[in-house]
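J.: Mind having a look at this structure? Questions to follow.
Values in this text are rule-based calculations from the coordinates and carry no lab data. Worth saying up front: this structure is predicted, and the values here are computed from it rather than measured. Ideal geometry is used to build each Cβ from the backbone, glycine not excepted, and the neighbour counts take in all protein chains shown.
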Amino acid sequence: METNKLHGYLHSAAFLAGVAAIAWYFNYADIAQLGPFSLHNWRQADSASLARCYYENGMHFFHPKVHHVLGGANAAVGEFPILYYIAAGLYHIFGPYDVILRLLVFGCFTAGLWAWSKMLLRWVGGWTVSLALPWAFYGSPLLAFYGFNFLPNPAGLGLALVGMYGLLRYWEQPGRGRLIFAGAFFLAAALIKVSLLIVPLAAVAAAKWFYFFAKGGRAKYFPDKSVFWNWMVAVAVILVSTAGWYLWASHYNKTNHSGLLMTYIMPIWKMPQAEIKRYAYEIYMWYHSIYFNKFTILAFLVLLPAVLILPRQFPRPAYAFTVFMLLGSLAFLVLFYNQILVHHYYIIDIMPLAMAVFSLTVWKLKNWLPAKLAAPVLGVALSVFALTSISYGKKHLSDYYGNDQYIAPFNRSLLKKKELHAFMAEKGLTYDSTLAIVVPDLTPNVNLYYLNVKGWATRPDEPFSNADLERYALWRGTTLVVSDTAYLSRPDMDKWLAHPIGVFDGTIHFFDIRPYWPKE
C-alpha cells in the first residue's frame, strides 16, 4: 500500500475513533432509543413522521405524508425527502426504529466534518490541527443535539462539506468523475436544505471573480478554461434541479391544502421594528449560548473582521470564498430572520462561514509562527479548544434531555412506544384502521407519531368543545385519545367518553366515537 494512502486511512481511522469517543461521551446510545423529544420536538416529529408514513403507505416517493390529516389529506412535504425515504426502506429491513433516521442524519453530518478534516490536512497539514478543529464543532449545542436527531439541517451541512472537498480535489486535478462527485453532493445538500446553496454559490462567485475580474486570475487559477466552464454548467444544473423540486413541493402542498412545512421565505423587512430589536436582544442575552460557548463566539467575532481587513495575508481563492460565504450568510439571515428564534437550528446552515474563518486563522498562524513552534503551539491550543467545546456541548445536551425547562410538555407515557403499540394492537387501533383526535398536543405530529395513527391534534391553548368533536365525527374520526385527565372532567365531554376502549399506563385514555357518526 502506498505511504500516502496508508497515511490517509490512518488519519480517517483516527478521526472516526474520536467521533466514537464523542458519541460515547454524549451518551448517544441512550438517546438513540428516543423519538422526537426536547428542543423543537414539533419539527423533529414532522421529519420522523415523513419517514414512518413512507413505511406505512407503500414507499411512494412522490406521495410524502405525515400523520396529521391537515386540510383533508395527510400529504405534506418541504425539503427533498430522500433521507426519510432511505430510512423507511431500512425500516422494512430492520423494523421502524427511531435510531435509524438518527444514524442517517449523524452519518451525513459526520461525513461532512470528516471531509473538512481532510481539507485541513491537505491545506494546513498536521494531524492535531486537522482532527481537533472539526471535533470542536461537535461541541456546539446545536450540533451536539441536532447532529444526532431527525432534522435535515446537519445532514445537509455534512453533504455540502463533502461537496466542497470534492470541488477542491477537482480544482487540484480536473476530471469528470471528481466534478460529478462534487456536484452530486452539492445538489443533495441543496435539495435537503435549500439554504446550503450558499456553499456552492460562494465557490462559483469566487471562481467568477478570478475568471472575469481579478487581474491575472484567469491565467493563474484557470489555465484550463474547461475547468471553469464545466463548474458553471454543474452549478446551473444544481440550481435548476433545486428550483424544480421546491416549485413541485409548493404545488404539492397547495394541492393538498397543507401549510405544515415551509417552502417560502419570511424576511426581516416584513417584521415590525420592535420585533427585530427583540430578536436581537434575545440572541445577545442568552440565545447565543446554544450556538457555541462564549469563547468560540468571541473568537469568531474577533477573527472575522481581522480576516476581512487582511486580504493579502491569506490565499486569494480561500479569502474570496470566505467573503462570498459571509455575503450569502447575511442574505440568509435577512431572508429568514423572522424564524431565527423559533427555528434556532437554522444557524446550522451558515456554520460553513465559521468553519472557513477558523480554517484561515489556523493556516495563518501555522505560517506565521516559527516552524519549531507551530506544531506544538497549535496542537495544544486546538486540543484545549476541542476539549472545552465538547465539554460545553455535553453540559447542554444533558440539560436538553434531562431538564424540564428545555423539554416541551407532553405525556411521558408516550415514550414507552413498544408497550404502547402492543396495547393499541390488542385493542385493534392500527395505522390503517384508526383516525384519531388527540387532546391536548402543542404540535401537529408529536402525539400522533408516537401513537402511529393518522388524525388531528388539538392544542391546549385552543378552544375544544362538543362542536369540535361533532365535526370530527362527521369527518369519520374513529377514536378520541386523551392524555390529560383534566379533559375527562369537562361537562361537555360526557357524551364522548361513553364508549371507553382502554387506558394505557394509567394516563392515556382511548374512547370509541364511531357511534356518533352521522347516519347514512
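J.: Through the Karplus equation 6.51 cos²θ - 1.76 cosθ + 1.60, θ set to phi - 60°, convert the phi angles of segment 451-466 into ³J(HN,Hα) values in whole Hz; use x for Gly and Pro.
T.: Working through the residues one at a time gives 6, 6, 9, 7, x, 10, 10, 10, 5, x, 8, 10, x, 9, 9, 4 Hz.
J.: Percent antiparallel among DSSP beta bridges with both residues in the chain, to the nearest 5?
T.: Among the beta bridges of the chain, antiparallel pairing accounts for roughly 50 percent.
J.: Follow-up. On a 30 Å Cα-Cα criterion, which of the cross-link pairs 294/418; 394/417; 208/254; 5/193; 193/427 come out too long? Working shown, then result.
T.: On the way: 294/418 41 Å; 394/417 26 Å; 208/254 38 Å; 5/193 33 Å; 193/427 40 Å.
Where the Cα-Cα span goes over 30 Å, the pairs concerned are 294/418; 208/254; 5/193; 193/427.
J.: Divide by every residue of the chain the summed helix terms, -39500 (n - 2.57) for each DSSP H run of at least 4, and state the resulting mean residue ellipticity at 222 nm, rounded to the nearest 500 deg cm²/dmol.
T.: Calculated at 222 nm, the ellipticity per residue is -19500 deg cm²/dmol.
J.: Apply the Karplus parameterisation 6.51 cos²θ - 1.76 cosθ + 1.60, with θ equal to phi minus 60°, to every residue of segment 221-226 and state each ³J(HN,Hα) to the nearest whole Hz, in sequence, with x for glycine and proline.
T.: With coefficients 6.51, -1.76 and 1.60, one gets 9, 9, x, 9, 4, 5 Hz.
J.: Taking 0.36 nm per residue of sequence separation and subtracting the Cα-Cα distance, how much length would be gained by fully extending the chain between residue 312 and residue 498, in nm to one decimal?
T.: 59.1 nm
J.: Distance from the Cα centre of segment 366-383 to that of segment 457-481, in angstrom?
T.: Measuring centre to centre over Cα atoms gives 65 Å.
J.: Can you give me the convex hull volume of the Cα atoms of segment 417-516, divided per residue and expressed in Å³?
T.: 91
J.: Turning to a different aspect of this structure: If packing is taken as the average count of other Cβ atoms within 10 Å, what order do 305-314, 111-120, 98-107 fall into, highest mean first?
T.: Answer by packing, highest mean first, reads 111-120, 98-107, 305-314.
J.: Additional query: Hey, how many Å between the Cα centroid of segment 143-171 and the Cα centroid of segment 204-237?
T.: Here the two parts' Cα centres lie 24 Å apart.
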